[in-house]
Amino acid sequence: MASFIDALTYSALLGLMGFGLTLIRRTTGVWNVAHGEVVTIGSYVALTATSFLAHSPYFYLPMAFLVCAGASGIIFLAGVEPIRAKGASSILLLVVTIAISLIMIAVINIYADYLQNVFHLSSKNFLFARLDFTLWGQMGILWAAWAALAALTVSYYLVLQHTRLGLALRALAEQPTLAVVMGANVKSLSLLAWCLAGGAAGLAGCLFPMRFQCHPGVGTSMIATMFAVSIFGGIEKMYGPLLAGLVLGFAQIYGIDLLSSWVGPGVIPFKDLIPMIVLLLTLQFLPEGLSGFVGRRRG
Amino acid sequence: MNSVLHIKNLNAGYGAIHVLFDINLDCARGEAVAIVGPNGSGKTTLLNSIFRLADIFSGSVILDGTEMQQEKSHKVTGRGVGYLRQEGNVFPGLSVEENLKMGAFNLPKGEVGERMEEVLSLVKPVVPFLRRTAGTLSGGEREMVALAVALMCRPNLLLLDEPTSGLSPIASAQIAELIKNLKDKTGLSMLIIEQNLKILFDVVDKCYLLVSGRIIFSGGPGELQCDKELMRTYLGLA
């Protein structure tokens with residue numbers, strides 16, 4: 001049962017992380033490797049705020065959303081956009097985000113050292129499980145993570161389908177130059193997408209230590225899995241990350257538990273390979289991802 | 001006659017690539033102007049310069065008396081310019097109706113429905129496939145949708161980049177008829193790039209021949225047709 005709950009919780013958090021990555025990919029066509037570090041910033045916002053201001057980490061979800069939205073916006077404005085404006089290819093932009101990611105890893109580690117050395121906080125390895133509440137016999141993180149993911153997916157769907165802003169974001173995803181010709185401010189729209197993506201990553205980062213061990217490299221260690229969620233979910237619909245998070249989260253946690261009970265605990269260290277296998281299979285057999293496949297079947 | 005568009009000594013290109021050299025061009029209110037010339041002569045770059053999609057090195061682009069060099073690309077539409085691009089001129093994943101709404105992005109929300117009705121009365125062939133996804137339309141249908149979309153912003157000046165390119169003779173004739181009707185009914189100023197000169201000569205008031213980024217002829221369509229040397233050398237028509 002614990003594995004099942006872990007898998008459910010992990011799935012929602014993966015979905016939140018993949019949501020941001022997919023949003024950036026969909027609207028600006030950039031593979032943002034630094035998205036993992038934005039997730040980590042969310043965790044450190046929670047650590048800092050709960051350590052210095054008390055209260056439950058849930059209380060700081062809006063703060064994590066805003067700080068990470070800002071961080072993601074800065075990555076876009078200072079790192080990606082100036083190079084994109086010069087006509088850089090998507091490969092070059094990927095390399096740019098790798099460079100940003102490495103810089104951010106260093107900054108996050110320096111900050112964690114600072115918290116540890118100056119304030120004697122356990123900033124290199126932390127878990128907030130003791131701060132969680134219980135609802136209907138389950139830890140609050142399970143409900144909170146799914147509520148956050150569902151709220152984001154539904155609200156984004158409503159904005160996308162029923163507002164002018166959403167129409168412009170969809171247009172931007174398809175033909176950026178044509179969107180400009182029609183009067184859309186592509187830079188502002190892209191910035192908005194990056195900020196929303198960062199906000200979603202911040203929510204995931206803030207919630208992650210409620211159930212799982214956190215450290216300065218937590219987002220970095222999960223970026224490949226986030227990419228797998230984004231690719232497996234597809235960019236056609238924004239419910240893609242939700243579906244993909246569910247499948248991959250279960251495959252990674254519940255699946256590996258099941259596998260280890262059959263073939264022995266020796267397989268457990270290799271659980272991170274499951275998303276990579278799914279990623280490779282998706283690229284070969286379902287390149288449009290789950291949401292694209294569902295859309296095609298309906299269409 | 002006052003100018004809707006006045007281009008003066010324009011030098012433009014992309015980054016280090018210089019495409020247009022000392023271009024001077026005028027488009028008066030209600031006038032249809034053709035830009036003709038061989039492939040690679042810089043015709044599309046000229047339209048892109050008006051929208052700041054190409055880099056302007058020197059010279060000026062003046063729209064309705066306002067210099068546009070410092071204007072951002074997305075604000076040009078708001079100055080009353082509609083642009084039908086040669087490629088990528090509709091959003092294939094959006095419905096035709098959504099494409100039209102996107103075309104009116106610079107208009108106040110309350111005016112979009114009314115404008116859509118006006119445009120659909122001008123471009124009637126679009127009406128039956130309003131609900132269809134633009135990517136599922138044929139080339140001719142898509143071009144008509146693109147024309148309707150370019151009209152949605154209530155333009156004073158319409159830029160048309162090879163609107164019949166790649167279309168069958170029947171579809172080309174339909175598009176040409178639509179453009180002619182637009183000119184007659186709305187008095188819209190137009191800057192048209194078109195390879196299909198036979199269609200153009202019926203519609204336009206003035207022609208510019210662009211060769212290797214330089215204008216080597218300007219005058220009425222009749223004058224151009226009379227210059228057999230230019231017609232044969234640069235346009236492949238005797």
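How many percent of DSSP beta bridges within the protein assembly as shown run antiparallel, rounded to 5?
Values: 26 of 43 bridges.
Taking every DSSP beta bridge within the protein assembly as shown, about 60 percent pair in antiparallel fashion.
Ignore the peptide's own chain and count Cβ atoms of other chains within 10 Å of each Cβ in B:89-100; give me the average, rounded.
Mean partner shielding for this stretch: 3.
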Report task. When you have a sec, figure out the Kirkwood radius of the range B:3-235 from all distinct Cα pair distances and drop it here in Å to one decimal? Result -> 17.9 Å
Query raised in the report: How large is the convex hull of the Cα atoms of chain A per residue, expressed in Å³ as a whole number?
Result: 145 Å³
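Restricting to DSSP H runs of at least four residues, report the calculated mean residue ellipticity at 222 nm for the protein assembly as shown, -39500 (n - 2.57) per run over all residues, nearest 500 deg cm²/dmol. Mind dumping the intermediate values first?
Numbers: 23 runs with 297 residues, N = 537.
The helix contribution divided over the protein assembly as shown gives -17500 deg cm²/dmol.
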Query - 3J(HN,Hα) from dihedral phi, the range B:185-192, Karplus parametrisation 6.51/-1.76/1.60, rounded to Hz, x for glycine, proline - result: 7, 9, x, 5, 7, 9, 10, 10
Requested in this report: Determine which aspartates and glutamates satisfy two conditions relative to A:LYS271: a Cα distance under 15 Å, and not lying fewer than 8 residues away in the same chain.
Outcome: A:ASP6, A:ASP257
Query raised in the report: What ranking of A:ARG130, A:ARG211, B:ARG79 emerges when the number of other C-beta atoms within 10 Å of each C-beta is taken as an exposure proxy, fewest first?
Result: A:ARG130, B:ARG79, A:ARG211
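Take the alpha carbon gyration tensor of the range B:146-238, find the square roots of its eigenvalues, order them as a ≥ b ≥ c, and report rounded if a/c is under 1.5; if not, report prolate when a/b exceeds b/c, else oblate. If you can, show how the numbers build up before the last one.
Values: a/c = 1.94, a/b = 1.59, b/c = 1.22.
Since a/c reaches 1.5 and a/b is larger than b/c, the shape of the range B:146-238 is classed as prolate.
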Requested in this report: Mind giving me the nanometre distance, one decimal, between the label points for A:LEU94 and A:VAL159, set 7 Å out from Cα along Cα→Cβ?
Outcome: 2.7 nm
Requested in this report: Within 10 Å of each residue's Cβ, count the other Cβ atoms and sort A:VAL159, A:VAL247 from fewest upward.
Outcome: A:VAL159, A:VAL247
Report summary line: By the Cα gyration tensor axes a ≥ b ≥ c (a/c under 1.5 gives rounded; else a/b larger than b/c gives prolate, otherwise oblate), the shape of the range B:35-111 is oblate
Report summary line: Which of B:LYS8/B:LYS198; B:LYS43/B:LYS185; B:LYS124/B:LYS185; A:LYS86/B:LYS72; A:LYS86/B:LYS75 exceed 22 Å between C-alpha atoms? The answer is B:LYS8/B:LYS198; B:LYS43/B:LYS185
Report task. For chain B, with a Gaussian network of springs between Cα atoms less than 10 Å apart, report the residue from B:GLN195, B:GLN70, B:GLN86 with the top mean-square fluctuation. Result -> B:GLN70
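Averaged over all directions, how much area does the convex hull of the C-alpha atoms of the protein assembly as shown cover when projected, in nm²? Mind showing how you got there, number by number?
On the way: hull surface 116.4 nm².
With every direction weighted equally, the projected area is 29.1 nm².
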Report task. Using amide H atoms built 1.01 Å from N in the peptide plane, name the residues 5+ places from A:ALA88, or on other chains, whose amide H lies under 5 Å from its own. Result -> none
Query raised in the report: Using a cut-off of 12 Å between alpha-carbon atoms, which aspartates and glutamates can reach A:LYS237, once sequence neighbours fewer than 8 places away in the same chain are excluded?
Result: A:GLU288
Query raised in the report: Taking neighbour Cβ counts within 10 Å as the exposure measure, how do A:MET276, A:MET63, A:MET182 sort from fewest upward?
Result: A:MET276, A:MET63, A:MET182
Query raised in the report: How far apart, in nm, are two points set 7 Å out from the Cα along the Cα-to-Cβ line at A:PHE52 and at B:GLU229?
Result: 8.0 nm
Query raised in the report: If you plug each phi of the range A:8-18 into the Karplus form 6.51 cos²θ - 1.76 cosθ + 1.60 with θ = phi - 60°, what whole-Hz ³J(HN,Hα) values come out, in order, with x for Gly and Pro?
Result: 4, 5, 4, 4, 5, 5, 4, x, 4, 5, x
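Bear in mind that the values in this text are calculations on the coordinates, not laboratory data. None of these values were measured; they are calculated from a predicted model. We place every Cβ from the backbone using ideal geometry, glycine too, and count neighbours over all the protein chains shown.
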